[in-house]
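Below is one structure; the comments refer to it alone.
No lab work stands behind these numbers, since they all come straight from the coordinates. Fair warning: this is a prediction, and the values are worked out from it, not measured in the lab. Cβ: placed from backbone, ideal geometry, glycine included. Neighbour counts: every protein chain shown.
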Amino acid sequence: MSPAAIITGASTGIGRDLSLVLAREGYDLGLTARREDLLLALKDEISGRYPDGKVFVAPADTTNESDLEAAMKDLIGKLGRLDLMIANAGIGYPTPAWKNNWPDIKKILEVNVMGAIHSLELAKEAMLKQGAGHLVGISSVAGFRGLPASSGYCTSKSALTTYLESIRIDLKPLGIAVTSIHPGYIATPMTKKNPYMPFLLSPETAARKISRAIRRKKARYLFPWQIALLVRIMRVIPDSVFDWVMSLKKQKGVFKD
């Protein structure tokens, strides 16, 4: 029996390429995102490349609780079981503190925190009944320290990271693995407006790296290595040094509203 996986935010970016990678690896897939047309096109592409696999789609907005619950129930029912859940759906845009950002911050938190956690909680219920499974959340390297003009996005990824760490401890004795994924800059529709993206990776490369981390059941995976190293340094340097470095980047126009 083929392993079964569900991916949220599957229609574009990392989610789309993860779907293709997992299909190649023999997974039956349940794909969800807001745009049904893109989901159906992806389903056709996967079915054309890997005709032996099963692909089911269920459009849903992760911030709509009833829609998400219906989509997850539908996909789990059609797959028959759930071995892997990837909470990938996410958004992000600048929220500079000198502006009124509440509507933008609220939307970011609704998608990146509440939507992501809700999808993982729904998957967790199925996995607890099975006594096995693997929950994966796509966080970010931006979840470890607050970056200029990024209060909403950094807060959302920090919250998701902490949630994943907490449930990892609880679920390990119950046979359920939990992985927190922290990409650096990936060339997706969400990031294309960023003025500065060092060590940029394609979504195809990111998907392959994420898949490898999932197979190894890593607790936490930061990539690429250059960004991972910078994050580890940023986490231990004094606040005064961190603030100074970030202010230099801001003055150079790295962070814009």
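Here are the numbers:
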item	result
Pairs of Cα atoms farther than 15 Å apart, segment 54-115, %	60 percent
Viscosity 1.567 mPa s, temperature 4 °C, Stokes-Einstein D of segment 4-69 from Kirkwood C-alpha radius, µm²/s	112 µm²/s
Among ILE176, SER66, ALA149 the positive-end extreme of the charge dipole of the chain (Cβ point charges)	ALA149
Amide H contacts of ILE186 (H built 1.01 Å from N, under 5 Å, at least 5 apart or other chain)	LEU201
Value of Rg/Rh across segment 122-172 [Cα atoms, Kirkwood radius]	1.11
Nearest-ten-degree value, helix 13-24 long axis tilted from longest Cα axis of the chain	40 degrees
Extension reserve of the ILE237-ASP170 stretch, reckoned as 0.36 nm per residue once the Cα distance is removed	21.0 nm
Taking N as its residue count, the alpha carbon Rg of segment 44-88 over 2.2 N^0.38 Å	1.28
Tail beyond 35 Å, pair distance distribution of the chain (Cα, percent)	14 percent
Solution diffusion estimate, µm²/s, Stokes-Einstein, segment 78-203, Kirkwood Rh from C-alpha pairs, 25 °C, viscosity 0.890 mPa s	159 µm²/s
Per residue, the convex hull volume that the Cα atoms of segment 1-137 enclose (Å³)	100 Å³
